[in-house]
Amino acid sequence: MPDLSTLLMIMALLVVIGSLAGFVGGLLGVGGGIVLVPAFFYAFGALGYGGDSLMQICVGTSLATIVVTSIRSVSSHQKKGAVDWLVLKTWGPFLVISSALGVLVAAQVSSLALQAVFGALAGIAGLWLAAGRDDWRLGQRMPDQPVSGVLASAVGFFSALMGIGGGTFGVPLMTLFAMPIHRAVATASGFGVLIAVPAVIGFLFVPVTNAPPWTIGAISIPAFLVVIGTTLATTPLGVRAAHAMNPKPLKRVFAVFLTLVALNMLRKVMGW
C-alpha cells in the first residue's frame with residue numbers, strides 16, 4: 001500500500017488527466033483515449049508503476065472510461081437524429097470481434113510493442129489532423145461488403161490495441177466516403193461501445209505486474225472512477241468553447257502536440 005502522499009499525488013494527476021481529456025475531447029471532437037493513454041503512460045511511469053505491463057494498464061484503463069463516455073455520447077447524438085444506425089449494424093459484428101482479437105494480441109505482446117503501435121498510429125492521426133482536407137474522397141457512399149468488413153475490422157483491432165474508441169480512425173474513414181462530418185462523428189461515438197465493452201472484459205483478465213493500487217487485471221479502478229467524473233464535468237466546457245471560437249487553429253496545435261507525443265513514444269521504443 002503506498003503512503004498517503006503518493007496516493008494524493010496519484011489522485012491529483014488523475015484529476016488533471018481526466019479534466020484535460022474531457023475538455024480536449026469536447027473542444028476538438030477527438031476521442032478521450034488518444035489523450036488518456038499517453039497521459040496514463042507518463043503519470044504511471046513517473047510514479048514507478050507498470051514496468052513491463054505499463055501500456056497494457058494504460059490501454060485497458062482508457063477503454064474502461066470509453067464504455068461510459070461513448071454511451072453518453074451516442075445517446076446525446078441520437079437525440080439529434082445524427083447517428084447512422086445502418087453503418088453501426090453493418091460494422092458492429094466486425095468491431096466486436098476485431099476488438100476481442102486486439103485484446104488477445106495486447107495480452108501477448110510486450111509493453112514496448114504496444115508503445116510502438118500507439119506511437120506509429122498516433123503519428124498518423126496527428127498528420128491527418130494537421131493536413132487532412134474535408135474534400136478528400138475515396139468514394140461517394142459507404143462501401144458494401146467485403147470492403148466495409150475489412151475497414152471495420154481494422155478500426156476495431158487497432159483501436160483496441162491503442163486504447164481508443166474508434167472515432168480517431170472511423171471519422172476520417174467515413175468522411176472519405178462522403179458522409180457529412182457531423183453524422184460521421186455521431187456514428188463513430190457508437191463505435192466506442194462496440195469496441196470498448198469486449199475489450200474491457202478481456203483486459204479484466206490480463207495478468208499484469210507492478211500495477212497501481214486497486215487494479216483489476218489491466219484496469220486501474222481509481223483511475224477509471226476519477227477520470228470518468230472529471231471528463232463528464234469538463235467535456236461540456238470544451239463543447240461550449242468550441243462554439244465560442246474557431247477550433248481549427250487549436251486542432252492544428254493539438255495535431256502538433258499529438259505528433260510530438262507519438263514521436264517521443266517511438267524514441268523510447270528505439271532506446272534513444
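Anything in the range 95-110 that is in a helix (DSSP H, G or I) and surrounded by fewer than 22 Cβ atoms within 10 Å (Cβ to Cβ)? List them, or say none.
Here is the first cut: in the range 95-110, the residues in a helix (DSSP H, G or I) are 95-108.
Within the range 95-110, VAL96, ILE97, ALA100, LEU101, LEU104, VAL105, ALA107, GLN108 meet the criteria.
So for the range 197-215 (the condition being of a type in the set (S, T, N, Q) and buried (at least 24 other Cβ atoms within 10 Å of the Cβ)), does at least one residue qualify?
As a first pass, look at the range 197-215 and keep what is of a type in the set (S, T, N, Q): 209-210, 215.
Now drop any that are not buried (at least 24 other Cβ atoms within 10 Å of the Cβ), which leaves none.
Scanning the range 197-215, I find no residue that is of a type in the set (S, T, N, Q) and buried (at least 24 other Cβ atoms within 10 Å of the Cβ), so the answer is no.
For the range 131-156, enumerate the residues that are small (Gly, Ala, Ser), over 17 Å from THR168 (Cβ atoms) and touching a Ser or Thr at 6+ places or on another chain (Cβ under 9 Å). Let's see the steps before the verdict.
Taking the range 131-156 as the starting set, the residues that turn out to be small (Gly, Ala, Ser) are 131-132, 139, 148-149, 152-154, 156.
Those still in the list that are over 17 Å from THR168 (Cβ atoms) too: 139, 148-149.
Passing the criteria: SER148, GLY149.
Can you name every residue in the range 62-94 that is surrounded by fewer than 17 Cβ atoms within 10 Å (Cβ to Cβ) and either within 16 Å of ALA21 (Cβ to Cβ) or touching a Phe, Trp or Tyr at 6+ places or on another chain (Cβ under 7 Å) (or both)? Listed by number, the list holds a single entry, ARG72.
Set side by side, the residues TYR42, TYR49 differ, and just one is touching a Pro at 6+ places or on another chain (Cβ under 7 Å) and within 25 Å of VAL261 (Cα to Cα), which is TYR49.
Candidates THR215, THR234, THR209: the one that is modelled with pLDDT of 90 or more and hydroxyl-bearing (Ser, Thr, Tyr) is THR215.
I need a count of the residues in the range 134-185 that are of a type in the set (Gly, Ala, Ser), in a loop (DSSP other than H, G, I, E, B) and more than 26 Å from SER76 (Cα to Cα). Qualifying residue count, the range 134-185: 1.
A Cβ distance below 8 Å, combined with a sequence gap of six or more or placement on separate chains, defines the contacts here; from the range 173-186, residues that are basic (Lys, Arg) reach residues that are crowded, with 16+ Cβ neighbours inside 10 Å in the pairs ARG183/ALA82; ARG183/VAL83; ARG183/ASP84; ARG183/MET174.
Taken over the range 204-261, residues that are closer than 25 Å to MET11 by Cα and part of a loop (DSSP other than H, G, I, E, B) amount to 13. Criterion applied to GLY92, GLY60 was being touching a residue at least 40 places away in the same chain (Cβ under 8 Å), in contact with a strand residue (DSSP E or B) (Cβ under 7 Å, 6 or more places away or on another chain) and in a helix (DSSP H, G or I), and the one residue passing it is GLY60. Annotation note: Cβ proximity below 7 Å between a residue of the range 122-139 that is in contact (Cβ under 8 Å) with a residue 60 or more places away in the chain and a residue that is surrounded by 11 or more Cβ atoms within 10 Å (Cβ to Cβ) and of a type in the set (S, T, N, Q) (sequence gap 6+ or interchain) occurs for GLY123/THR259; ALA125/THR168; GLY126/THR259; LEU127/THR259.
Hey, could you check the range 239-254 for residues that are over 17 Å from the mean Cα position of the chain (by Cα) and not hydrophobic (A, V, I, L, M, F, W, C) and say which is modelled with the lowest pLDDT?
Among residues in the range 239-254 that are over 17 Å from the mean Cα position of the chain (by Cα) and not hydrophobic (A, V, I, L, M, F, W, C), the one modelled with the lowest pLDDT is PRO247.
Evaluate the following for LEU250: is it farther than 23 Å from ARG141 by Cβ and buried (at least 16 other Cβ atoms within 10 Å of the Cβ)? No; evaluated as a whole, the condition is false for this residue.
The values are calculated or read from the model by the stated rules, or taken from the named source; none is laboratory data. What you are looking at is a predicted structure, and each value in this text was computed from that prediction instead of being measured. Every residue, glycine among them, receives a Cβ derived from its backbone with ideal geometry; neighbour counts consider all protein chains shown.
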